[in-house]
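**Q** Pasting in a structure now, in structure tokens, and then I'll have a few things to ask.
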Amino acid sequence: MTRYRAAAPLALLLFARLAAASPPAATEIEAVLSSASGPYPAASDSFVKTLAREVTTVRLPGRLPAASARVIVAFGGEAALQAYPKSSTLIACLSPGLAGRLLHSGPFVFIAMKPAPMRLLSELHRVQPGLKRLAVLSHTRDMASYLADLKRAGASLGIEIIAPAARSPDEVPDALRALLAAKADAVWLAPDPSLVTFESFQTIKQFAWDNDVPFYAPTRGLAAAGAAAAVSVSPEEVGRLAAELARRALAGETLPAIVYPARTELTVNLQSAQKAGLRISPEALGKDDEVIK
Amino acid sequence: MNARILVLGIFLGGGFTPAYSLAAGEDDSAEFFRFMANEAKVITVASVKPETVFNSVSNITVIDRATIERYDFASVSDALRIVPGVLVVNSFGIHNIVTFRGGLQPHYANKILVMLDNVPQYEANTGAATDVDRVGIDSIERIEVLRGPASVIYGSNALTGAVNIVLRKAEALGREGTVAGGIGSKYGKFQGDAQASRAEGVYLARGKDWSYHLSAAMRNQASPAYRFSDESNTVSDITEHYNARSFNFNGEYKRHALLLNLANTEQSFLGAGLTRATGLGFDEVDDLALASYGYTYAHDGKKLKYTAVYDKQRRHVPFSADQSALVVYDGYRVQNNLNYSADFAQDWDLELGGSHEYRKSLHVANYNRLTGMIVDEQGMAGWAVWEGSAFGQLGFTKDPWKAVVGSRYTFNGSFGSNISSRGSLIYAFDDRRSAKLVAGQAYRAPSLVENYLNISNIVLGNPSLQPERNRSVELSYLQSAGSFFGQVTGYYAEYLNNIYRAIGHFTRDGVNYSGANFYTNAGKITVKGLETELKYERPRTHAYVNVGYIVGSHGDSHAITTPAGPAQSYLFKYVPLYTIAEGVSQEIGPFFATASANHFAGMETVHTRLAEQYAAHVSLGCRIGAARHVFAVRNVTDRSVVFPEYVRERVVESIPLYTGRVFEYTFRYQF
């Protein structure tokens, strides 16, 4: 008995804790956030508010959803790459670049951070009516299906899409030279984490100003920082869309693999646009568009 | 281990957490760049075909940063004690020898490969990687432990397994770090003696395309004194101690990486002749320097990596009471590696590599510190060996199956050629259950000492030694259910050509030696074992129970003569039938408590038998802001815990692992 004396406190501590613990009530929907900061909380709050029902929220590192969760909404790449029960439907959002790389073996839907192709081109065309040839800067391998959709949408609007290859920020200067040679009218920087860095943004902005090629960004903040305009999807809109998809999943609907947000926000930086040789007509802008002077 | 293992940490809940927040006044663009930078890291992990513990090709245990802090491990050797199948023991001359699956290391701890950020390090003369604690515990992000033969990927010395110590890196753009310190009791009980037990500073920084780790650590570890009686029946008080100082730098800039580790360790030594006159109770000192440069080129799913390594180690062993007479082991290694990996089709991946290594002995000699003169070279000065190898590994994944096969061909200037192969087959029942079958081979090249030593024509190396070999097959089942995770592994292994010292007639280079103490190869030893891991993980409660069970044959049995009479000795005579490691941790608000214990089955010494033993430890602590304060009692029962002395096989039947209770207060401040 003596030799196990030291083991007794260990066992008591363990079993007392286990016996006293009341596990939280399992919910049908669980939200997992990659972090407590960044865009994830705003999207998660919007998701919960729109859904208007009980949701268990987990911030990583933390307990992953139980097998009883029918729908799991993952905010951010780290949350999207966790191992979830096969029976759960995974809705992954705010994880740009993970399309086609999700590990979940059950049903899933990926909410893209990019606007729907037709929506993007329509907004850009509104800002730049003379747009005929748009260069898209992204990691081509990840954007293959989006580019295909973009080209189809562009064909109906009379806009040609060109996609110079750039797999890392180091390759951005070469891509810019290629689009200049191809006589692109404008450049759109996709929300691609493998390309979007402070340094690459500065390079593209300077290129735009030096060569009179307007530069469009994926987020409002980058328009304020020097892009001519941005067609962006807010975290709140992502959360709202996630709620709509969660309702549909609970109703037993089969969801598409990728969903592009239909609602976007247009932010225009008049000064930056002018520096890139673009004069934006006030008549082209609506009351909901944000104008930075 | 490669970067894929990083995801194990994520799965086990110890993953990286972006550490930024939008401060008042920062613009949206800065927040967006931070968001993109963190999401880019996730893509990198996802693109490297992330392995989880369920589909990794080896049986790996990862001890991550969260676990290290949760259970208040004071050192790497402390942390390794919880892994089933792993023993951390002392011998008369060395502390903290890490041993896998019964592979006790009689003179030099050279049967496992120890790496720092995937850079192998071991002493050129002996192949020993004795100083696993050459890095402070607060500098470490995780410790990866691979049990079983691992030579296909890692080459020589990964005979029974490999340990990779991964340094911390800044997770987000910016700077962060840790300052830690501690005070520990020196002579036990309440005698009032204390010493600074720990001091460590870690500074991490990350920019857009660069990062670096800078750290310095000091650790003083002393056990309460115990009475020791030598061959002359002279009784003295001995304090077992192990002190280490280290400096680390790890920098990455675009495709370049640089690693530097400088360390100095001092440990108590039980004497060359087990008498006070021969250095008993005095310091054995190791000076270590490891430098590595790496260049990685990655493009479109393919990666080419070149690494150059310089590893210098010098070990001083006292030979006299005034420590003027020393044995010095001094040598260096230079290694160049080139690795290529690629996903060349949807389901296939390929890894190829080559390595060239040069091991040089500068001295293994008796040395007089007062005069600075080498007294006796022991036949080692100038000996060197080179080794070249090439490996290939092919993987195929088609859910739910994954298969990997690989092979390494080695040519060593001393023993000739060797081929080691390994195959793994994994079946994933689903994302939380899998089974693995792994069959593999490994080898360890005889060291320069084992080949060429000559101490006064009495202790002799053997140039005709064959490499030690290990071939094994193991079957594992893993399952995760709710908050529980379990893994059970059964294995069968054959240790071939085990190198040991025999006494008898020996011929070398045409010269006959009678009654010589010479290195030779043993026959086959078969080993069977079972390892189980059970974890319970909740946000504030954690627990583990790990059990290792092992039985080995007597294929290396040989007669020995001791002052107490003749006896039989064999490797597995000294290995405990089972070990159990258990621990539990509970957080309540800012407070936390941890308790852990290690149990050993009864063991045989040369002439006697030891009863079952255990050592238990408790820690209590609290978090105040960014600071963490811990009060620990190690070996709470104040018992003496000993392990059989299996090296010298005379006079001393056992060596202490713990001699009494030790108190320690530590603090850790994160910024």
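**Q** Which number in (1) under 26 Å from A:ALA186 (Cβ atoms); (2) within 19 Å of the chain's Cα centre (by Cα) marks the one condition that A:PRO256 misses?
**A** (1)
**Q** Determine whether B:PHE600 is within 14 Å of chain A (Cβ to nearest Cβ) and touching a Cys at 6+ places or on another chain (Cβ under 7 Å). Can you show your working first?
**A** Details: within 14 Å of chain A (Cβ to nearest Cβ): yes; touching a Cys at 6+ places or on another chain (Cβ under 7 Å): no.
Against the criterion (within 14 Å of chain A (Cβ to nearest Cβ) and touching a Cys at 6+ places or on another chain (Cβ under 7 Å)), B:PHE600 does not qualify.
**Q** Only one of these is at pLDDT 90 or above, surrounded by fewer than 22 Cβ atoms within 10 Å (Cβ to Cβ) and either part of a strand (DSSP E or B) or at negative phi (or both): B:ALA291, B:ALA272, B:ALA298. Name it. Full working, then the answer.
**A** Details: B:ALA272 fails: at pLDDT 90 or above; B:ALA298 fails: at pLDDT 90 or above.
Going through B:ALA291, B:ALA272, B:ALA298 in turn, just one is at pLDDT 90 or above, surrounded by fewer than 22 Cβ atoms within 10 Å (Cβ to Cβ) and either part of a strand (DSSP E or B) or at negative phi (or both): B:ALA291.
**Q** Restricting attention to segment A:118-154, report how many residues are closer than 14 Å to A:VAL213 by Cα and surrounded by 20 or more Cβ atoms within 10 Å (Cβ to Cβ).
**A** Final tally of qualifying residues: 8.
**Q** May I pose another question? Return the only residue of B:SER414, B:SER424, B:SER434 being farther than 17 Å from B:GLU494 by Cα, touching a residue at least 40 places away in the same chain (Cβ under 8 Å), within 14 Å of chain A (Cβ to nearest Cβ) and hydroxyl-bearing (Ser, Thr, Tyr).
**A** Exactly one of B:SER414, B:SER424, B:SER434 is farther than 17 Å from B:GLU494 by Cα, touching a residue at least 40 places away in the same chain (Cβ under 8 Å), within 14 Å of chain A (Cβ to nearest Cβ) and hydroxyl-bearing (Ser, Thr, Tyr), namely B:SER434.
**Q** Determine whether B:ALA74 is in a helix (DSSP H, G or I) and either crowded, with 23+ Cβ neighbours inside 10 Å or at pLDDT 80 or above (or both). Even if it seems obvious, please write down each step before you answer.
**A** Details: in a helix (DSSP H, G or I): no; either crowded, with 23+ Cβ neighbours inside 10 Å or at pLDDT 80 or above (or both): yes.
When the stated conditions are applied, B:ALA74 does not pass them.
**Q** Follow-up. Considering only segment A:201-208, I want to know if a residue exists there that is touching a residue at least 60 places away in the same chain (Cβ under 8 Å) and outside any helix (DSSP H, G or I).
**A** Within segment A:201-208 (the criterion being touching a residue at least 60 places away in the same chain (Cβ under 8 Å) and outside any helix (DSSP H, G or I)), the answer is no, since none of the residues qualifies.
**Q** Quick one: in segment B:84-114, which of the residues that are within 19 Å of B:ALA222 (Cβ to Cβ) and over 10 Å from the mean Cα position of the chain (by Cα) is surrounded by the fewest Cβ atoms within 10 Å (Cβ to Cβ)?
**A** For segment B:84-114, the residue satisfying everything is B:PHE92.
Here's the yes/no breakdown for (1) over 28 Å from B:GLN670 (Cα atoms); (2) in contact (Cβ under 8 Å) with a residue 24 or more places away in the chain; (3) away from every other protein chain (no Cβ under 12 Å); (4) part of a strand (DSSP E or B):
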residue	(1), (2), (3), (4)
B:HIS607	yes, yes, yes, no
B:ALA615	yes, yes, no, yes
B:SER619	no, yes, yes, yes
B:ARG623	no, yes, yes, yes
B:ARG628	no, yes, yes, yes
B:VAL633	no, yes, no, yes
B:VAL636	yes, yes, no, no
B:VAL642	yes, yes, yes, yes
B:TYR646	yes, yes, yes, no
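**Q** In this structure, is B:ALA439 within 14 Å of another protein chain (Cβ to nearest Cβ), more than 22 Å from the chain's Cα centre (by Cα) and of a type in the set (A, V, I, L, M)?
**A** Considered against the rule, which asks whether it is within 14 Å of another protein chain (Cβ to nearest Cβ), more than 22 Å from the chain's Cα centre (by Cα) and of a type in the set (A, V, I, L, M), B:ALA439 comes out as no.
**Q** Then there is this: Quickly run through segment B:512-528 and pick out the residues that are over 15 Å from B:PRO106 (Cα atoms) and outside any strand (DSSP E or B).
**A** B:GLY523, B:LYS524
**Q** Also, I was wondering about something else. Given the criterion touching a His at 6+ places or on another chain (Cβ under 8 Å) and of a type outside the set (Ser, Thr, Tyr), identify the matching residue among B:ARG168, B:ARG142. So that I can check it myself, show each step before the final result.
**A** Values: B:ARG142 fails: touching a His at 6+ places or on another chain (Cβ under 8 Å).
Within the list B:ARG168, B:ARG142, the selection yields B:ARG168.
**Q** In segment B:17-41, which residues are assigned to a loop (DSSP other than H, G, I, E, B) and either more than 7 Å from every other protein chain (Cβ to nearest Cβ) or modelled with pLDDT under 50 (or both)?
**A** Across segment B:17-41, the qualifying residues are B:THR17, B:PRO18, B:ALA19, B:TYR20, B:SER21, B:LEU22, B:ALA23, B:ALA24, B:GLY25, B:GLU26.
**Q** Checking the conditions here, which among B:ASP349, B:ASP322 is loosely packed, with under 14 Cβ neighbours inside 10 Å and either among the acidic types (Asp, Glu) or in a strand (DSSP E or B) (or both)?
**A** Numbers: B:ASP349 fails: loosely packed, with under 14 Cβ neighbours inside 10 Å.
Selected residue: B:ASP322, the only one of B:ASP349, B:ASP322 that is loosely packed, with under 14 Cβ neighbours inside 10 Å and either among the acidic types (Asp, Glu) or in a strand (DSSP E or B) (or both).
**Q** In segment A:201-217, which residues are within 14 Å of chain B (Cβ to nearest Cβ) and under 16 Å from A:ASP289 (Cβ atoms)?
**A** Going residue by residue through segment A:201-217, those that are within 14 Å of chain B (Cβ to nearest Cβ) are A:201-205, A:215, A:217.
The one that is within 14 Å of chain B (Cβ to nearest Cβ) and under 16 Å from A:ASP289 (Cβ atoms): A:ALA217.
**Q** When you look at A:ALA178, is it buried (at least 16 other Cβ atoms within 10 Å of the Cβ), among the hydrophobic types (A, V, I, L, M, F, W, C), within 14 Å of another protein chain (Cβ to nearest Cβ) and in a helix (DSSP H, G or I), yes or no?
**A** So A:ALA178 does not fit the description; no.
**Q** Follow-up. Give, as residue ranges, the strands (runs of 3 or more DSSP E) completely inside segment B:148-261 that count at least 1 residues that are of a type in the set (Val, Ile, Thr) and under 21 Å from the mean Cα position of the chain (by Cα).
**A** It comes to B:161-167.
**Q** All but one of (1) surrounded by fewer than 21 Cβ atoms within 10 Å (Cβ to Cβ); (2) at pLDDT below 95; (3) in contact with a Lys or Arg (Cβ under 7 Å, 6 or more places away or on another chain) hold for B:HIS241; state the number of the condition that does not hold.
**A** (3)
**Q** Could you tell me whether segment B:357-380 includes any residue that is β-branched (Val, Ile, Thr), touching a residue at least 24 places away in the same chain (Cβ under 8 Å) and crowded, with 20+ Cβ neighbours inside 10 Å?
**A** There is at least one residue in segment B:357-380 that is β-branched (Val, Ile, Thr), touching a residue at least 24 places away in the same chain (Cβ under 8 Å) and crowded, with 20+ Cβ neighbours inside 10 Å.
**Q** Still on this model: So which strands (runs of 3 or more DSSP E) stay within segment B:537-579 end to end and still have 3 or more residues that are away from every other protein chain (no Cβ under 14 Å) and modelled with pLDDT of 90 or more?
**A** Once the strands (runs of 3 or more DSSP E) in segment B:537-579 are filtered for at least 3 residues that are away from every other protein chain (no Cβ under 14 Å) and modelled with pLDDT of 90 or more, what remains is B:541-552.
The values are calculated or read from the model by the stated rules, or taken from the named source; none is laboratory data. Since the structure is predicted, the reported quantities are computational estimates derived from the model, not experimental observations. Heads up, the Cβs are rebuilt from the backbone with ideal geometry, glycines too, and the neighbour counts pull from every protein chain shown.
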